[in-house]
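One structure is given here, and the rest of the page talks about it.
Just so it is clear, none of the values below were taken in a lab; they were calculated from the coordinates. It should be emphasised that the depicted structure is a prediction, and the values quoted were computed from it without experimental measurement. With ideal geometry, Cβ positions are generated from the backbone for all residues, glycine too; neighbour counts draw on all protein chains shown.
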Amino acid sequence: MSYMDEYKNKLISSKQAGALVNSGDYIDLYGYYAAGDTMDQALAARVHEIQNVKIRTMSKHNGNWAFLEADNQNKAFINIPIFLGPVETRQVNQINQAPIPALFYEYPHMYRRGDLPVHVGSRQVSPMDNEGYFSFSSSIAYSKALVEASKIFIAEINTSLPPLSFGHEDRRIHISQIDYIVEGNNPVPVEQPDPVPTEIDKKIAKYILGELHNGSCLQVGFGKVPMAVTSLIAESDLHDLGIHTELMSDSLMKLYNAGLVTNRCKTINKGQTVYTIAAGSHELYEFVTSCKDMYAAPVDYVNDLCLIGSNDNVVSINSCLEFDLTGHVSAETIGTRQISGTGGQLDFIMGSYRSKGGKSIVTCPSTYKKKDGSTASRIVPTLSPGVGVTDPRMCIHYLCTEYGITNIKGASMWERVERIIGIAHPDFRDNLVKEAEKLRLWTRTNKII
């Protein structure tokens, strides 16, 4: 049988795809610009026929989730987000939301070990090539593991997704490993522009720039401060930089195009920019699928702690929402309300510290505006009950605000309290000292560094 004959034999309609789902099933629709939209719409059409269907998703970029819009009574579907983006934050409520706390690099293992059961999985892929392969395009993450773990996997064809012709072998899937095929509406990947930094973000970025040097290998998370850092790098005299990052962005592409990124100092993937997901402009999507120096790989490769640490001088730069006086960091919840996800921040915090000369930097502005217009500190005595600890205090290396950058690795409790209060907004320092005294983390002999 030819590959095209096999393709035709596996081709089904959206209605047939939706009929494969039973009440109580676990469904996985992936996310970003490659979400299983056809299955999503087919499930929405069955909202009055099925119940308690648990749907695993991740940060969707192309429009809303149809199954959430259809289920007004929260009876048919439970959303299990791996990571929430703006779409999920807007659509999902506490009633039908059940987030998964887990390190990003663990997901392929969790699928293959059966910790994440999948009755039906679906995501968009590029059209089949002459060898019978479908490409995951420039959003790989845990896709190959999802296919392998699914009792039934449905590939949704999207002719707008450019294929990856180079990179890790898990960048694609063969037709023999696919159960069914649906032909979707071919949506063009939505652009996700880099956020625009504020003046405070730029102040923070200047401190971080001082921690970089020629040959640094960068991991840059998504956020205004990381984007400000890359802008400052572009204006600096740094050179021979490397990139080993979870998320490939426009700002990192610009550093490469400016000749500042050569990857020649890397020991692993020398000469190559490594990433697992690209999110940005159409120019970025074209770039990562045409530049042979780009190496797209699954997240258990990119975010592997030992592999990250194999490169020298890895600098991990990530944002957070708040941190406490002992160094616990939250980057995913406001109170008990989930607004993003664990992601790969902790993967790179631990991996970069394994790197010779490596360091991780977690950053945020020192304050924020509350709904009533008052100002509150992002540095708090202790994280509130129910707040998700994204990064435990024993793993934190550098913390940074617009008032400075401090290394708390190896510091005792009172030493780290001193250093953290030293980068808090001056208006809140006295109160933080008082709270530290109540917590018995502070004595009169202590002095802010």
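If you take every DSSP beta bridge whose two residues both sit in segment 3-183, what share of them, in percent to the nearest 5, is antiparallel? Antiparallel bridges: around 15 percent, rounded to the nearest 5.
Per-residue Karplus couplings for segment 61-72, computed as 6.51 cos²θ - 1.76 cosθ + 1.60 with θ equal to phi - 60°, are listed in order as 9, 9, x, 7, 7, 5, 5, 6, 5, 6, 8, 5 Hz, Gly and Pro entered as x.
Cross-link partners for Lys10 among the lysines, with Cα-Cα distance under 17 Å and sequence neighbours closer than 8 places in the same chain left out: Lys151. To make sure I understand the rule: partners must be aspartates and glutamates, Cα under 15 Å from the Cα of Lys270, and not fewer than 8 residues away in the same chain. Which ones qualify? Filter leaves Asp240, Asp293, Asp312. Residues whose amide H falls under 5 Å from that of Thr273, counting only those 5 or more places apart or on a different chain, are Met294, Tyr295, with hydrogens built in the peptide plane. What the Cβ-Cβ distance of Glu6 and Lys206 gives, at R0 = 56 Å and to the nearest 0.05, is a FRET efficiency of 0.45.
Checking the cross-link pairs Lys203/Lys224; Lys224/Lys409; Lys254/Lys292; Lys266/Lys292; Lys203/Lys266; Lys202/Lys224 against a 19 Å limit on the alpha carbon distance flags Lys224/Lys409; Lys203/Lys266 as lying beyond it. Calculated [222 nm] ellipticity per residue, helices only, for the chain: -7500 deg cm²/dmol; basis is -39500 (n - 2.57) per DSSP H run with n ≥ 4, divided by all residues, nearest 500.
Couplings for segment 359-376, taken from phi via the Karplus curve 6.51 cos²θ - 1.76 cosθ + 1.60 with θ = phi - 60°, read 7, 10, 10, 10, 9, 6, x, 6, 9, 8, 8, 7, 4, 7, x, 6, 9, 10 Hz in order; Gly and Pro are left as x. One Cα centroid belongs to segment 356-403, the other to segment 9-87; the line between them spans 34 Å. Taking the DSSP bridge list for the chain and keeping only pairs wholly inside it, about 25 percent are antiparallel.
Our summary gives the chain a relative contact order of 13 percent, counting only alpha carbon pairs under 8 angstrom and 6 or more residues apart.
Along the axis of the charge dipole computed for segment 3-183 (Cβ charges of +1 for Lys and Arg, -1 for Asp and Glu, origin at the Cα centre), the listed residues Leu68, Gly31, Thr159 are led at the positive end by Leu68. Of all DSSP bridge pairs formed entirely within segment 199-438, close to 35 percent run antiparallel. With contacts taken as Cα pairs under 8 Å and at least 6 residues apart, segment 29-155 reaches a relative contact order of 24 percent.
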